[in-house]
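The next block holds one structure in the form of structure tokens; read it before the comments.
The values are calculated or read from the model by the stated rules, or taken from the named source; none is laboratory data. All values derive from a computational prediction rather than experimental measurement. Note that each Cβ is placed from the backbone with ideal geometry, even for glycine, and that neighbours are counted across all protein chains shown. Accessible surface areas use protein heavy atoms only, side chains included; no ligands, DNA or RNA. Shrake-Rupley method; radii C 1.70, N 1.55, O 1.52, S 1.80 Å.
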Amino acid sequence: MPLKIYRDKRNFAKTKEPKGTLKQSKCYKNVFIIQKHAASHLHYDFRLELNGVLLSWAVPKGPSLDPKVKRLAVHVEDHPVEYAYFEGTIPEGEYGGGTVMLWDRGKWQSEDDDIKKAYKKGNMTFTLHAEKLNGAWKLIRLKNDDKHWLLIKLDDEYAKSSNYDITKEAPNSVNDGQTMKEITATAKKSWMQKGKVSKKKIQKK
Ligand code: MN
């Protein structure tokens, strides 16, 4: 069961994260997203769709456009493709509790002859076509370690020196331009409105 680890970690009665299916529809094909996630430590969740799931890495410092900079990327459990639309909050005390922002969104294209082999080998080369990240990138797994990978920008016209920090230059949501604070406030408001609706229903009865 490909989403078992994902589902086992979460209580779907409490979190609004999608339970997920294994959809292989066109709209999810080769989808690429990054979610900025203010959990106990802020990090950037880097996700690539492959075979109906999102392969996922948590990048503590976020991506760098400087080819000289290698960013640690911790491999985490596969997420459902529906997660590509998730923005909001995970309740405190739940797994990954905190605010999730859709920080980048687009498509990825493998540059390896055999994607599955490259993934298994821990050496993937690909092109991103997204709103913030573009061009050629690499994900390389460290030797004798299945969890720790490095995310590296390859040198091309989208590369920039490390003076330019994309996480600072473009900090907001690609969904609607909201900040982390605004997403947190919006989610709180919608929870409260839902509370009001259910109270009204109870009163009618
Ligand atoms: Mn995360």
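Overview of results
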{"item": "Hull-based mean projected area of the chain, where the convex hull spans the alpha carbons, in square nanometres", "result": "13.3 nm²"}
{"item": "Residue-averaged 222 nm ellipticity for the chain, from DSSP H runs of 4+ at -39500 (n - 2.57), nearest 500", "result": "-6000 deg cm²/dmol"}
{"item": "Chymotrypsin sites (Phe, Trp or Tyr not before Pro) lying in DSSP loop within the stretch 129-185, provided at most 12 other Cβ fall within 10 Å", "result": "Tyr164"}
{"item": "Sequence-distant residues sharing a close amide H with Asn123 (under 5 Å, placed H)", "result": "Arg141"}
{"item": "Amide proton proximity set for Leu54, modelled H, under 5 Å, gap of 5+", "result": "His79, Val81"}
{"item": "Cα pair distances of the stretch 16-95 binned at 10 Å [whole percent]", "result": "18, 48, 28, 6"}
{"item": "Semi-axis lengths (Å, descending) of the ellipsoid that matches the C-alpha gyration tensor of the stretch 84-192", "result": "30, 19, 13"}
{"item": "Acute angle (nearest 10 degrees) that the helix 180-204 long axis makes with the longest principal axis of the chain, alpha-carbon atoms", "result": "30 degrees"}
{"item": "Rounded accessible area per residue of the chain, 1.4 Å, Å²", "result": "57 Å²"}
{"item": "DSSP-loop GluC sites (Glu not before Pro) across the stretch 51-98, with at most 11 other Cβ within 10 angstrom", "result": "Glu92"}
{"item": "Carbon + sulfur, % of accessible area of the chain - ligands and nucleic acids excluded, 1.4 Å", "result": "53 percent"}
{"item": "Alpha-carbon centroid distance for the pair the stretch 163-185 / the stretch 89-109, whole angstrom", "result": "13 Å"}
{"item": "In order through the stretch 131-143: 3J(HN,Hα) via Karplus (6.51 cos²θ - 1.76 cosθ + 1.60), integer Hz, x for Gly, Pro", "result": "7, 10, 9, 9, x, 8, 9, 9, 10, 10, 7, 6, 5"}
